[in-house]
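**Q** Quick one: the structure is below, questions incoming.
The values are calculated or read from the model by the stated rules, or taken from the named source; none is laboratory data. Predicted model, so just to flag it, every value in this text is computed and none were measured. Glycine also receives a Cβ, built like all others from the backbone with ideal geometry; neighbour counts cover every protein chain displayed. When the accessible area is computed, the model is the full protein with side chains, heavy atoms only, and any ligands, DNA or RNA have been set aside. Shrake-Rupley method; radii C 1.70, N 1.55, O 1.52, S 1.80 Å.
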Amino acid sequence: MCCSPGTIDREGLHHCNLGSLAGAVEGISPAAAVTLVDGFRLPGCRVPHEAVVGGDGRSAAIAAASVVAKVTRDRVMHRLHAAHPQYGFDRHVGYATQVHQDAIVAHGVCELHRLSFASVAYRKLGLALGADPPSP
């Protein structure tokens, strides 16, 4: 499950992460016998689950899920690159590398950028934390 950059800016990354994970857990069919979650309880989740602090290092299932999530995110970023090649999403896959920051300074932000992320590149552009993206 994914949240839009606007939703993340409004509701916060942590809240969106927990909500998306809860939705994914609730969508598993058939339901798992045991549901382990890396680090946090999922408020409002209707499926019983266990928060495992440091789950990547304590559970092979959580570690595997982390790998699947990262590979999926990288694939999404590669697809987004086709629509926005000037940002180099295919190389930095959204991480705040110097290349990514330089692209933001050169091209501004687009609808994919979370303005609640306190990027050095955003400060160089004079963008206020949590502000709406400038109109094209």
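**Q** State which residue is nearest to the chain's Cα centre (by Cα) when the search covers only region 32-48 and only residues that are open to solvent by 80 Å² or more (accessible area, probe 1.4 Å) and more than 19 Å from THR7 (Cβ to Cβ).
**A** That would be ARG41.
**Q** Looking at region 59-104 only, could you name the residues that are over 17 Å from the mean Cα position of the chain (by Cα), surrounded by fewer than 13 Cβ atoms within 10 Å (Cβ to Cβ) and not aliphatic (A, V, I, L, M)?
**A** Listed by number, the residues that qualify are PRO85, GLN86, GLN98.
**Q** The conditions are (1) open to solvent by less than 30 Å² (accessible area, probe 1.4 Å); (2) under 15 Å from the mean Cα position of the chain (by Cα); (3) under 28 Å from LEU127 (Cα atoms), and ASN17 fails exactly one of them. Which is it?
**A** (1)
**Q** Follow-up. If you take the residues of region 113-136 that are open to solvent by less than 50 Å² (accessible area, probe 1.4 Å), among the aliphatic types (A, V, I, L, M) and part of a loop (DSSP other than H, G, I, E, B), which of them is modelled with the lowest pLDDT?
**A** Checking each candidate, the answer is ALA131.
**Q** Restricting to region 69-85, name every residue that is touching an Asp or Glu at 6+ places or on another chain (Cβ under 8 Å) and either touching a residue at least 12 places away in the same chain (Cβ under 8 Å) or of a type in the set (D, E, K, R) (or both).
**A** Of everything in region 69-85, those that are touching an Asp or Glu at 6+ places or on another chain (Cβ under 8 Å) and either touching a residue at least 12 places away in the same chain (Cβ under 8 Å) or of a type in the set (D, E, K, R) (or both) turn out to be MET77, HIS78.
**Q** Under 8 Å between Cβ atoms, which residue pairs at least 6 apart in sequence (or on different chains) link something in region 86-99 that is over 11 Å from ARG75 (Cα atoms) with a partner that is open to solvent by 50 Å² or more (accessible area, probe 1.4 Å) and of a type in the set (Phe, Trp, Tyr)?
**A** ALA96/PHE117
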